[in-house]
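Trainee: Sharing a structure with you now.
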Amino acid sequence: MSVQRILPLLLAVLFSVTSFASAQTTPDKAVSIGPRITTGNFQAVQIAIPAFELKAGASNGGLEPAFFQKVIYNDLEFFSDFKRVENQALVEQTQRHDMASNQAKDFIDYAEWQRIGAAFVLKGEYAVDASGRLQLEVRLFNLTTGERAFGFQYTPLPVSEKRMMAHQISDDIVKAVFNQPGIASTQIVFVASAANPRVKELYVMDADGDNLRQLTRDNSLAATPCWGMNGTEVYYTSYKDTNPDLWGIQIATRKTWVISRFAGLNYTADWSAANKRIALTLGKDGNSEIYTMDRNGNTATMKRLTRNACIDSSPCWNPAGTQMVFTSDRTGTPQIWAMDADGNNARKLTYGGNYNDAAVWSPKGDQIAYVGRDGQFDVHVMNVDGTNDFKLTSNQRNNEDPTYAPDSKHFVFSSNRTGSYEIFIMDDKGNNVHQLTKMNGNAQSPSWSPLFR
């Protein structure tokens, strides 16, 4: 997707779908999903997706029928409890059986699809019109109930938006089956160096690692990006004016503005959608202290939260905007602390390891992830009171910069397990790890976007 487009507006158009008259729309609760199969450490729901059919007499616009199948399969296996039916040849054979038996779009031989192990079947049709706009119709069939789970006709968009449309289909499937928001349409922002290791720019990509594009061209050092207001902005630290100042950038237009440029550090920003405020670390007082301010950097509304001679840094709000976690070495080594949003009631959460940092609150508000060093850096999760600490990574060199996906079930993080630092994702048990980037230099400090709805 071109960064010249406003992503939320694009998605607002994309979400405008027509539900076929005979179709069941997204239910208020999860539907009956039938038997699961054991795969790895969890029980998966098998789905079959035959290659989408080209509408009779229509142009394909150079788009291969298997494109949607590939993207949707990957989305569902990355970000949900679905697993593809392994024998794709049988999937296509069963689709041909349906077409030979009955030409009606809604026809499906439930018994034949169940015979190959599917619990759900997704069928789709596509065409590219004369103006280059992609038309998509999809139908999801529930083989356990013998009913169609939904049927959607999506608002046509330029064929260049084909990947975003495929991601939206994936999210609609997850919502219909599990009654949970899908995250395939979300984005990840991060910093990466290229030929010159002294230069780091902002990049953004789809949650599956595709559709990579460069956001900044400051020819300077960018650091610690976070998503801002409505997922349309990113706040980050840049040295482009020599001092490490906090900047904002609009994703659609690439317009930038200064949020905070006090002498010394202005970094590790975190946006609270609940409070419409940024928490950040400032070094203007001679040491690192935590402040909050609005997205325009209005000093009249700026508030200082910590006051001591030690280092306090890396704040992160809870979803309600009533508390935040942060890093402090006030008891010796850097550890994870929490405090109320007004700076009161500070309490220590971690005691193990000799360097704990970069804590983030889960979107559900029930867990905190952080990076701990005990020989190497690893990603940990714990309850919000510091109990039940669990290490998600181990024996894979350094693993840093975790942030939650909007579903609280996945993480994005950086790791040098393959040599240079790259961006990876994993589930909330530390399994299902996928490498997303292969940059020429180090890729670090990822931040997962909110849902764009």
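Trainee: Have a look at I259, I278 and point out the one that is assigned by TED's automatic domain parsing to the domain that holds V360 and either under 23 Å from the mean Cα position of the chain (by Cα) or among the polar types (S, T, N, Q) (or both). Let's see the steps before the verdict.
Mentor: Numbers: I259 fails: either under 23 Å from the mean Cα position of the chain (by Cα) or among the polar types (S, T, N, Q) (or both).
One residue alone meets the criteria, I278.
Trainee: Under 8 Å between Cβ atoms, which residue pairs at least 6 apart in sequence (or on different chains) link something in segment 90-114 that is farther than 22 Å from F150 by Cβ with a partner that is of a type outside the set (F, W, Y)?
Mentor: Sorted first by the residue in segment 90-114, then by its partner, the pairs are L90/I116; E92/P50; E92/A51; H97/D109; H97/E112; S101/D109.
Trainee: Residues of segment 172-186 being buried (at least 23 other Cβ atoms within 10 Å of the Cβ) and among the polar types (S, T, N, Q), which ones?
Mentor: Passing the criteria: S185, T186.
Trainee: Can you name the residue in segment 180-190 that is among the aliphatic types (A, V, I, L, M) and not in a strand (DSSP E or B) and, of all such residues, is nearest to S160 (Cα to Cα)?
Mentor: That would be A184.
Trainee: Is it true that T350 is closer than 21 Å to I290 by Cβ, β-branched (V, I, T) and either modelled with pLDDT of 95 or more or assigned to a loop (DSSP other than H, G, I, E, B) (or both)?
Mentor: Yes, satisfied.
Residue-wise test of (1) under 21 Å from V360 (Cα atoms); (2) touching a Ser or Thr at 6+ places or on another chain (Cβ under 6 Å).
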position: D210; (1), (2): no, no
position: T216; (1), (2): no, no
position: N219; (1), (2): no, no
position: V234; (1), (2): yes, no
position: I249; (1), (2): no, yes
position: R254; (1), (2): no, no
position: V258; (1), (2): no, no
position: R261; (1), (2): no, no
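Trainee: Just checking, does segment 191-207 include any residue being surrounded by fewer than 24 Cβ atoms within 10 Å (Cβ to Cβ), basic (K, R) and part of a loop (DSSP other than H, G, I, E, B)?
Mentor: The answer is yes, given that some residue of segment 191-207 is surrounded by fewer than 24 Cβ atoms within 10 Å (Cβ to Cβ), basic (K, R) and part of a loop (DSSP other than H, G, I, E, B).
The values are calculated or read from the model by the stated rules, or taken from the named source; none is laboratory data. These numbers come from a predicted model, not from an experiment. No Cβ is skipped: glycine too gets one built from the backbone with ideal geometry, and neighbour counts run over all protein chains shown.
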